[in-house]
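All remarks here apply to the structure that follows.
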Amino acid sequence: MSDEGLAISYIEDFPPELIEMIESEIGSTGQSIALHRRENTPYASMEWAIPTALIIYITKPYFEAFLGEAGKDHYNALKKGVMRAFRHLFGEKPELRVECRSLLFSIQARTWNDKTIKCIFPEGVSALQYQVMIEQLHELLVEDYSKKANSGLSAMLDSVEPFGGQSYIEFSSDKIVGSQSTSKRKSWRKLPEINSGLVIYEA
C-alpha cells in the first residue's frame, strides 16, 4: 500500500478520464493520492480474493488525518469520488444488474495494528445502498483507529484466519437498505462454507 494516505490501483485498459475524475474528486481537499496502473492479468483463486478492476486503498495516514481538523472534508471528498466510480462502473440503475460479488470494485485498508482488509461489494443493489455501505465501512474503520483493540473491527478480524495475508469483509446486500442508513445495529458472521479469511458484514 501507499504512504500517501489514499491510492488508486486500476487495470491498464481502464478509462484514463475516469481515473482523472476520481482522483480530482477525492483530491479536492488537498489529500495526496498515489496512482498505480497494472496489467490486466488473469488469476486462479477464490472469487473474493481476485483483485478487482479498480481498487481504492485507504492507509494509516488518511485515518490519522481524519481524526484531525480536516477529517470531515477528506471523508466527504472520498465518498463523492467512490460514488462517482460506482455510477460509472454499475450504471445509473445498478439494482438492475445481476446479483453477484463484484469483480469491478473493492476497497482495501490498513487497521490500527497494520492488518490488511479487503472490502467486497455486491452487484445488483441500489446507489443508495452503495452509499450506506461506504458510510458504514468508514465508521467501522474510524472506530478501529479510535478504540483500537476494543473496536468492533478488531473483534471481527479475530474471528477468522487471514487468507493470503489479508482478511476479507463482504457486505450482506439483503441486509442493507436505505432506511437503515442511520441505524447503529451492526453484526457480522463467518461465511459458513469457508473457515478462513472472509466474514459477512450485516448492516
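The values are calculated or read from the model by the stated rules, or taken from the named source; none is laboratory data. What you see is a predicted model; the values in this text were computed from it and never measured. Glycine also receives a Cβ, built like all others from the backbone with ideal geometry; neighbour counts cover every protein chain displayed. Side chains are part of the model used for accessible areas, which takes the heavy atoms of the whole protein and leaves out ligands, DNA and RNA. Shrake-Rupley method; radii C 1.70, N 1.55, O 1.52, S 1.80 Å.
Only a single criterion out of (1) under 21 Å from Asp144 (Cβ atoms); (2) part of a loop (DSSP other than H, G, I, E, B); (3) at pLDDT below 90 is not satisfied by Trp112, namely (3). Out of the residues in the stretch 140-187 meeting the condition of being surrounded by 19 or more Cβ atoms within 10 Å (Cβ to Cβ) and among the polar types (S, T, N, Q), tell me which one is modelled with the lowest pLDDT. Step by step, filter the stretch 140-187, then rank; the result is Ser173. Output the residues belonging to the stretch 88-105 that are touching a residue at least 60 places away in the same chain (Cβ under 8 Å) and either surrounded by 20 or more Cβ atoms within 10 Å (Cβ to Cβ) or in a helix (DSSP H, G or I) (or both). Answer for the stretch 88-105, where residues must be touching a residue at least 60 places away in the same chain (Cβ under 8 Å) and either surrounded by 20 or more Cβ atoms within 10 Å (Cβ to Cβ) or in a helix (DSSP H, G or I) (or both): just His88. Scanning the stretch 29-61 for residues that are modelled with pLDDT under 85 and over 17 Å from the mean Cα position of the chain (by Cα) gives Thr29, Gly30, Gln31, Ser32, Thr41, Pro42, Tyr43, Ala44, Ser45, Met46. Right, Tyr75: open to solvent by 20 Å² or more (accessible area, probe 1.4 Å) and under 19 Å from Tyr168 (Cα atoms) or not? Answer is no for this residue.
Would you check if there is a residue in the stretch 74-87 being in a strand (DSSP E or B) and modelled with pLDDT under 90?
no
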